[in-house]
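**Student:** Handing you a structure now.
Bear in mind that the values in this text are calculations on the coordinates, not laboratory data. Not measured: the values here are computed from a predicted model. All Cβ positions, glycine included, derive from the backbone under ideal geometry; neighbour counts span all protein chains shown.
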């Protein structure tokens, strides 16, 4: 069984996908662009984009009663690997111990010409 997760505290999907799917004791969070859900804007600076993307991930986690401590895997997509250190510094504010596994990949282009996108998998609490 799967459950669709949707919250207005994170930006709506821009295509035929869900913000997140809860299935098999895991929460699969779709890639979160740095879109402010309140007004649809994207910050200019890469650090601010990383923060907004992670805020969107956190909002989806919160909507299901989870937090960043429940995340077991993330994938970070970045436009320029030269921004790795700046993005990593922001990332470290959200994941402070028992770090999740992670991949970080430079990509040619992201939707809405964003500089960063973050997806995550979290372990759901027993119900």
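**Student:** When the residues of the range 16-36 are filtered to those that are assigned to a loop (DSSP other than H, G, I, E, B) and in contact with a helix residue (DSSP H, G or I) (Cβ under 8 Å, 6 or more places away or on another chain), which remaining residue is surrounded by the most Cβ atoms within 10 Å (Cβ to Cβ)?
**Tutor:** Applying the filter and picking the extreme gives 34.
**Student:** Confirm whether residue 59 is outside any loop (DSSP other than H, G, I, E, B) and surrounded by fewer than 19 Cβ atoms within 10 Å (Cβ to Cβ).
**Tutor:** Working: outside any loop (DSSP other than H, G, I, E, B): yes; surrounded by fewer than 19 Cβ atoms within 10 Å (Cβ to Cβ): yes.
Criteria met by residue 59.
**Student:** Would you tally the residues in the range 80-95 being more than 16 Å from the chain's Cα centre (by Cα) and outside any helix (DSSP H, G or I)?
**Tutor:** Counting residues in the range 80-95 that are more than 16 Å from the chain's Cα centre (by Cα) and outside any helix (DSSP H, G or I) gives 1.
**Student:** List the residue pairs whose Cβ atoms are under 8 Å apart, where the first residue sits in the range 87-101 and is at positive phi and touching a residue at least 12 places away in the same chain (Cβ under 8 Å), the second is in a helix (DSSP H, G or I) and surrounded by 11 or more Cβ atoms within 10 Å (Cβ to Cβ), and the two are 6 or more positions apart or on different chains.
**Tutor:** Partner pairs satisfying both residue conditions: 98/69.
**Student:** Could you please give the count of residues in the range 71-106 that are surrounded by fewer than 11 Cβ atoms within 10 Å (Cβ to Cβ) and touching a strand residue (DSSP E or B) at 6+ places or on another chain (Cβ under 8 Å)?
**Tutor:** Final tally of qualifying residues: 3.
**Student:** Taking the range 1-21 on its own, how many of its residues are under 21 Å from residue 72 (Cβ atoms) and under 15 Å from the mean Cα position of the chain (by Cα)?
**Tutor:** Of the residues in the range 1-21, 8 are under 21 Å from residue 72 (Cβ atoms) and under 15 Å from the mean Cα position of the chain (by Cα).
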